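Chemist: Take this structure first; my questions come after.
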Amino acid sequence: MITSLLDPGKAPAEQVAAVYAERWNSETSLFEAKILQRDHRPLLRSKNPDGVTQEIYGLLITHQYLQAQRTRAAQASQDPVTGQALDPDRVSFTAVLRAIRRHLHYRPVTGQPPLITIVQAEALAQLIPRRPHRTRPRARQAPNHRVRAPGPVPTGNVIYTITICRRDETPRVTPQPPAK
C-alpha cells in the first residue's frame, strides 16, 4: 500500500492497513445504494433539480433503513463459529432488500410475527461466508462469452428487401430467394 502519511506516530502501519481493509465496506455500500437498490436502473427519473435532490434523499434514506435492518438482524444472532455477536457484514444486503420487497404489503394479523422478524429470519438464512484478510484485490471479472444457451446453433442468412415509398404510395415487399 502506498500512502503519503510519513509519521508512524500519527498513523501506525497496522492501523493504516486496517483502515484500508475497511475501505472495501464503503465501496460495497456505495455499490449497494447505486446499483442493487435501484434494480440496475442507470438514471434518476426526475427531470428537474428539486426532483433529483428529492430522489437522492429518498435513495439514501432507504439505504440507511436497509442497513439498519441488516444490523438489527446481525445483533439478533450469534456467529456460529465464535459464539459472539454476528458481524453485520455477514448479513447479505441483497437478502434484506429482497425480503423487504417481497413482504412490503405484509400486514400481520393476531398471532403472526411482525415484518422485522420475517425479514431477519430470511436474511439470517443466507449469511455471507467469512472472508477475513483477502489476499487478492477485488476486481471485476470479465464475462464468460463462451457459455451458450442450449439448443441448435442458428445457421444461414435471411435477406429482406425494404422498399421506401412516399405516403401516398402503397409499399411493396419483394421476397428474395434464400442465399446458397
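Every number in this text was worked out from the coordinates using simple rules, so none of it is lab data. Worth saying up front: this structure is predicted, and the values here are computed from it rather than measured. For neighbour counting, all protein chains shown are included, and Cβ atoms are generated from backbone atoms with ideal geometry for every residue, glycine included.
Chemist: Suppose each label sits 7 Å from its Cα in the direction of the beta carbon; what would the residue 23-residue 78 distance come out to in nanometres?
Modeler: Here the modelled spin labels are 3.7 nm apart.
Chemist: Could I ask something else about it? Charges only on Cβ, +1 for Lys and Arg, -1 for Asp and Glu: so what's the dipole of the range 1-137 about the Cα centre, in debye to the nearest 20?
Modeler: That gives a dipole near 480 debye.
Chemist: Does anything in the range 64-102 have its amide N under 13 Å from the 7 Å Cα→Cβ label point of residue 126, and if so which residues?
Modeler: Counting only backbone N, you get 91-102.
Chemist: Taking a virtual spin label 7 Å from the Cα of residue 104 along the C-beta vector, which residues in the range 44-71 bring their backbone nitrogen under 19 Å of it?
Modeler: 44-46, 54-70
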